[in-house]
Amino acid sequence: MTDLLSTARPGGPALLTKDAPPAEDTAGRAGPAAARGTRRRLGPGRSIPFGRLLGPVLLVALWWVASASGYLDPRILSGPGSVISTAADLVTTGRLQDNVLISLQRAGLGLLFGVTAGVVLAVTAGLSRSGEYLLDGPLQIKRAIPSLAMLPLLILWLGIGEQMKVTVIALGVAVNMYINTYASLTSIDSRYVELAEGLDLTRSQFLRKVVAPGSLPGFFVGLRLGVTSSWLGLIVVEQINSTSGIGYMMFQAQQYAQSDVIIVGLVAYGIFGFASDAGVRAIERKVLSWRRTLAG
């Protein structure tokens, strides 16, 4: 077969013959990555074990340097050495352990009740039109009202005991669980529902094979936000006429200007929040191992 001659079209590109060199260097046009024969990486890169600890460790190092160099007034913000010494004293007397256990109990109960209520409400509203009409509106209104704004009313109804504290925590958790699980449920592709109907699946099979896998990503997002919300609520309710807990310990330290004790309480909250979020992340990676995401 003879070579094709290049023909010029008015206003159009020329056709290339078989032996003619390209009018433009494609390797140069594609960039250095194509010239080297390598693929450009656009993702965040490979994850490093315990890499999330880098930020907190760097923050503590900066705090230590600032304290040691005299930039921080110890009367306003105690240094890490003083905080560690105070924490050791609190552990020796048993005061820290007792308050931590009570705080964990409050946060755990609020998280349990909140997660249960949020998931039940989300499933009811997400799989039933009547449930959606009855529940979604009030819950969206509650979403716009912070749980802490309801404190005066809850104190009026429930008093200032443990029931009120757990209820405040549970309300914040339940709203986060509902919003994310409901959004995940309603975003399930309708073609999967039609396929389940075509296969004549029972209600329990539909829930197990379609609804549960489709809603798990949103459930874990809500769970992470719910865990954070439980610690935020705990910080507030433990400073309302409490006689125990980390918040109570911090409030008492405020009366005597003991900034080292306050920081011990803040560090305890931070450690528990960071550890609980990491635990939820680990469970999420295990349960949703079939997903390939940027998180790795």
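Descriptive notes on the structure:
- Exactly one residue out of 182, 192, 178 is among the aromatic types (Phe, Trp, Tyr) and in contact with an Asp or Glu (Cβ under 8 Å, 6 or more places away or on another chain): that is 182.
- Residue among 144, 183, 149 that alone is farther than 30 Å from residue 244 by Cα, loosely packed, with under 14 Cβ neighbours inside 10 Å and within 27 Å of the chain's Cα centre (by Cα): 144
- Scanning region 152-162 for residues that are assigned to a helix (DSSP H, G or I) and exposed (fewer than 13 other Cβ atoms within 10 Å of the Cβ) gives 152, 153, 156, 157.
- Residue under evaluation residue 123, criteria (1) within 22 Å of residue 223 (Cβ to Cβ); (2) open to solvent by 40 Å² or more (accessible area, probe 1.4 Å); (3) at pLDDT below 90, criterion not met: (3)
- Condition check for residue 204: buried (at least 20 other Cβ atoms within 10 Å of the Cβ) and either assigned to a helix (DSSP H, G or I) or in contact (Cβ under 8 Å) with a residue 24 or more places away in the chain (or both): no
- Residues in region 99-113 that are touching a Ser or Thr at 6+ places or on another chain (Cβ under 7 Å) and either without any contact (Cβ under 8 Å) to a residue 40 or more places away in the chain or crowded, with 22+ Cβ neighbours inside 10 Å (or both): 99, 107, 110, 111.
- Residues of region 57-73 that turn out to be touching a residue at least 12 places away in the same chain (Cβ under 8 Å) and open to solvent by 50 Å² or more (accessible area, probe 1.4 Å), as a count: 3
- Residue in region 81-88 that is under 22 Å from residue 277 (Cβ atoms), open to solvent by 70 Å² or more (accessible area, probe 1.4 Å), without any contact (Cβ under 8 Å) to a residue 12 or more places away in the chain and not polar (S, T, N, Q) present: no
- For region 89-106, a residue qualifies if it is more than 15 Å from residue 243 (Cα to Cα) and among the polar types (S, T, N, Q), and the qualifying residues are 92, 93.
- Reported count of residues in region 216-263, each being among the β-branched types (Val, Ile, Thr), part of a helix (DSSP H, G or I) and open to solvent by 60 Å² or more (accessible area, probe 1.4 Å), is 2.
- Lone unmet requirement of (1) among the charged types (D, E, K, R); (2) at pLDDT below 70; (3) in a loop (DSSP other than H, G, I, E, B) for residue 29: (3)
The values are calculated or read from the model by the stated rules, or taken from the named source; none is laboratory data. Please read all numbers here as calculations on a predicted model, not as lab measurements. Glycine gets a Cβ as well: all are built from the backbone with ideal geometry, and neighbour counts include every protein chain shown. Note: areas computed on protein heavy atoms with side chains; ligands, DNA, RNA excluded. Shrake-Rupley method; radii C 1.70, N 1.55, O 1.52, S 1.80 Å.
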